[in-house]
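The values are calculated or read from the model by the stated rules, or taken from the named source; none is laboratory data. For clarity, every value in this text was computed on a predicted model and none was experimentally measured. Note: ideal-geometry Cβ built from the backbone for every residue, glycine included; neighbour counts use all protein chains shown.
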Ligand code: NAD
C-alpha cells in the first residue's frame, strides 16, 4: 500500500539513502531538513527516477516550523503514515579532547584542549536538544495523523553509543541513549492506538560528519578509525545502503508485531567485548 513517509534530516547522508530506498517501494516521500536545498536536491533525484517526493524546510526544534511542514505534507500527499526521525548529530562543544582524563591534562594550556571540566553546558544542551527534543517534537506533530489508523509507525535513529558510551562524546552518547529509551517508552504509550515505534542503531558509517575523525586526508585510518575497525568483528565501516533492509522491514507490514526494538546495524561492534 502506498504510504506517506516523512523523514527528518533527509538531506543528510544516511537519511537520503533511506528515503531513496523507501521511494523505490512506491511511497510518497516528504524530505524535511533545516537545509532546504539539500532536501530539494534529494527530492529532485527521487522524482527524476520516477518516484514521488517533496523537499520541505523544517527545523525539528521549532514547533511552528514543524506545523507548517505538516501542512505542506498534508496538502501534497495527505496524512502522514510513517515518520522517520533522522535529524541528529554531535557538537564539538560536547566533546572532550582525550578519551581518558590524565593528571597532566589539568595543566595543559593549548587552545581548544578540553577536559571533562571544560565541557560547555550549552554544547551539551545543543546535542541533547537536537537528538532528543528533535525526535520528540516531530513525533508530537506528525503522530497526530497516525492515531487509530492502520499501518502507521515511527522509526527513530539511535546509535551504537546508546548501548555503551563512546569515549570523548558524553553528550551524544547520553542523547542517543535517551532516544533509545524514548523509543521503548513511546512504543508502549502508542501501543493501543496502532502506532509502532522502533529505532535503528547504526554503528560506524563514514560520512562527512566524521570523515576527518576516522580518516586522514590520504584516506588512511586515524588511530580512532583503526580502533573502531579493530573493535568491529566484520572489520569495516558500514555503507549507508546497509541501513536499507532494516528500514524497509521496520516501516513495512513484515514487522507488524514488532514495536519497541532498537536494532544494531554495526558489523557486530555492540556484540564484541574485544577479547
Ligand atoms: P548528516 O549530518 O549527513 O545529516 C543530518 C541532517 O540533519 C543534515 O542534512 C542536517 O541539515 C539536518 N539537520 C540538522 N539539524 C537539523 C534541525 N534542527 N532540523 C532539521 N534538520 C536538521 O548525518 P548522518 O550521518 O546522515 O546522520 C543521520 C542520523 O544518523 C543522525 O541522527 C545521526 O546522529 C545518526 N547516526 C549517524 C551515524 C554515522 O556514522 N554517520 C552513526 C549512528 C547514528
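Things to note:
- Any chance residue 141 is within 14 Å of the ligand (Cβ to nearest atom) and in a helix (DSSP H, G or I): yes
- Residues being outside any helix (DSSP H, G or I) and more than 16 Å from the ligand (Cβ to nearest atom) - total across the range 239-260: 6
- Verdict on residue 183 being crowded, with 20+ Cβ neighbours inside 10 Å, within 15 Å of the ligand (Cβ to nearest atom), farther than 19 Å from residue 205 by Cα and in contact (Cβ under 8 Å) with a residue 60 or more places away in the chain: yes
- One residue stands out in the range 186-220 among those that are at pLDDT below 95 and away from the ligand (no atom under 14 Å from the Cβ): the one that is surrounded by the fewest Cβ atoms within 10 Å (Cβ to Cβ), namely 218.
Conditions tested, residue by residue: (1) within 28 Å of residue 211 (Cβ to Cβ); (2) touching a helix residue (DSSP H, G or I) at 6+ places or on another chain (Cβ under 9 Å); (3) in a helix (DSSP H, G or I).
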{"position": "68", "(1), (2), (3)": "no, no, yes"}
{"position": "76", "(1), (2), (3)": "no, no, yes"}
{"position": "80", "(1), (2), (3)": "no, yes, no"}
{"position": "106", "(1), (2), (3)": "no, yes, yes"}
{"position": "132", "(1), (2), (3)": "yes, yes, yes"}
{"position": "165", "(1), (2), (3)": "yes, yes, no"}
{"position": "173", "(1), (2), (3)": "yes, yes, yes"}
{"position": "176", "(1), (2), (3)": "yes, yes, yes"}
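- Selection status of residue 207, outside any loop (DSSP other than H, G, I, E, B), closer than 30 Å to residue 3 by Cα, within 14 Å of the chain's Cα centre (by Cα) and touching a residue at least 24 places away in the same chain (Cβ under 8 Å): no
- Any chance residue 156 is touching a helix residue (DSSP H, G or I) at 6+ places or on another chain (Cβ under 7 Å), in contact (Cβ under 8 Å) with a residue 40 or more places away in the chain, part of a strand (DSSP E or B) and surrounded by 15 or more Cβ atoms within 10 Å (Cβ to Cβ): yes
- Odd one out for residue 75, checked against (1) surrounded by fewer than 19 Cβ atoms within 10 Å (Cβ to Cβ); (2) within 16 Å of the ligand (Cβ to nearest atom): (2)
- Subset of the range 109-125 [touching a residue at least 24 places away in the same chain (Cβ under 8 Å) and either part of a loop (DSSP other than H, G, I, E, B) or in contact with a helix residue (DSSP H, G or I) (Cβ under 6 Å, 6 or more places away or on another chain) (or both)]: 119, 120, 123, 124
- Identity of the residue in the range 8-46, near the ligand (Cβ under 10 Å from one of its atoms), outside any helix (DSSP H, G or I) and in contact (Cβ under 8 Å) with a residue 60 or more places away in the chain, that ends up surrounded by the fewest Cβ atoms within 10 Å (Cβ to Cβ): 12
- Residue 57 passes every criterion in (1) within 13 Å of the ligand (Cβ to nearest atom); (2) over 29 Å from residue 204 (Cβ atoms); (3) in contact (Cβ under 8 Å) with a residue 40 or more places away in the chain apart from (3).
- The requirement of being part of a helix (DSSP H, G or I), over 14 Å from the mean Cα position of the chain (by Cα) and at pLDDT 95 or above is not satisfied by residue 128.
- Residue list for the range 212-240, filter: closer than 25 Å to residue 155 by Cβ and touching a helix residue (DSSP H, G or I) at 6+ places or on another chain (Cβ under 6 Å): 232, 240
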